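Have a look at the structure below, then the notes.
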Amino acid sequence: MKFDGKRLAAAVCVTALAVAGAFMINKREIKRSETFFAMDCACTVTMYGGDISSVKERISELDKKLSAYGEDSEIYKVNSEGQGTLSDETAELVERSLDLTKKYGGADITAGALTKLWNVAGESPSVPSDEEIAESLVTVGSKNVRLEGNVCTLENGAQLDFGCDGKGFALDEVKKELDLQDVSCAVATFGSSSLLYGEKPDGKSFTTSVTDPFDDGKTCLSFTSGECFVSTSGGYERYFEADGEKYCHIFDLSTGYPCKSDLVSVTVVCQSGIRSDFLSTCIYLGGTDSLDKWLHTEDIEVIAIGEDKSVYCSDSIKSRITVNNNEFVIKTAL
């Protein structure tokens, strides 16, 4: 079994801030950085100005509320009892997640029973029986969730799991916190999802590196951007092997089995954390068959890598990409 999600060095998307000269007296020019564990992975926050402890506390607070496994979390209690009253932010996440699934399909926060059944990232994952998979699929679907105000009710054994967009939502909340502070520049990253905030002290663009999906100790390309959210999804992040076959942590909800996509990595850049997180998974699930429409969606930028190391990208980001491994080739068309 391989589980590198908790190793910062193997992060799907690593964002670097260049230090511009000596520290200034102005507090907005003083760099602070902390790395801690949250949302089931290593999280790093780097800030110029502001109160980094408040950002860390905000992320930790959300982690405690949204965890499907922490016994004191709101989600664990709802999953266990079938009903519960959520905080405003958790109710907002449920509502926005259901809206994203309704609009785009693909990922679904009600897949918790299925993810627990496979236990891909756990200590002893195994391939379930067809009967077990069929039973878990009955629990999946927006029809099994009712949200009335802040009261959430789960039906047909549904279990909530925010693996498809929880990190992105947390980054949206981090941005709100940063907006309240005197922060000139910040990067908050969970590895697979990142927030790039403000302007770098040296005046240059942010540079984001994308991990080589065939060798996660290396990167295959990088791109520049301004303030934005970035999320990357790929089956190489978390998986286990059984009888010579790899089973990843991203599920095809039409079959109940881990997805078999002809894409190996999908990166989405946009102005919403939850949307970038959700869509990177959604596009990965759809593979190259549905990729073209995403490459021409105006309010997002996409970088998708195929099994043959072909790189497909939105026209608007193509000129900002630098390929640092000549095995990867940018294609002009699918």
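FYI, it's all coordinate maths here, none of it is from the lab. What you see is a predicted model; the values in this text were computed from it and never measured. Note: ideal-geometry Cβ built from the backbone for every residue, glycine included; neighbour counts use all protein chains shown.
Given a Förster radius of 41 Å and the C-beta distance between Ile321 and Asp179 as r, what FRET efficiency does 1/(1 + (r/R0)^6) yield to the nearest 0.05?
Working: r = 29 Å, r/R0 = 0.71.
The value I calculate is 0.90.
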Extending each Cα 7 Å along its Cβ direction at Val127 and Glu227, get the distance between those two points in nm, one decimal. 4.9
Rounded to the nearest angstrom and ordered from largest down, what semi-axes does the equivalent ellipsoid of the chain get from its C-alpha gyration tensor (root of 5λ)? 31, 26, 17
Where the centroid of each part is defined by its Cα atoms, how far is region 285-304 from region 92-122 in Å? 20
Förster radius 45 Å - calculated FRET efficiency between Asp51 and Val138, Cβ distance, rounded to 0.05: 0.45
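Just subtract the alpha-carbon distance of Asp243 and Asn150 from 0.36 nm times their residue separation and send over the number in nm, one decimal.
Values: separation 93, 0.36 × 93 = 33.48 nm, distance 4.50 nm.
Roughly 29.0 nm would be gained on extension.
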Lys31 versus Leu98: modelled label distance in nm, points set 7 Å from Cα along the beta carbon direction: 4.5
Over 23 Å between Cα atoms: which of Lys102/Lys293; Lys56/Lys218; Lys175/Lys309 fall into that group? Lys56/Lys218; Lys175/Lys309
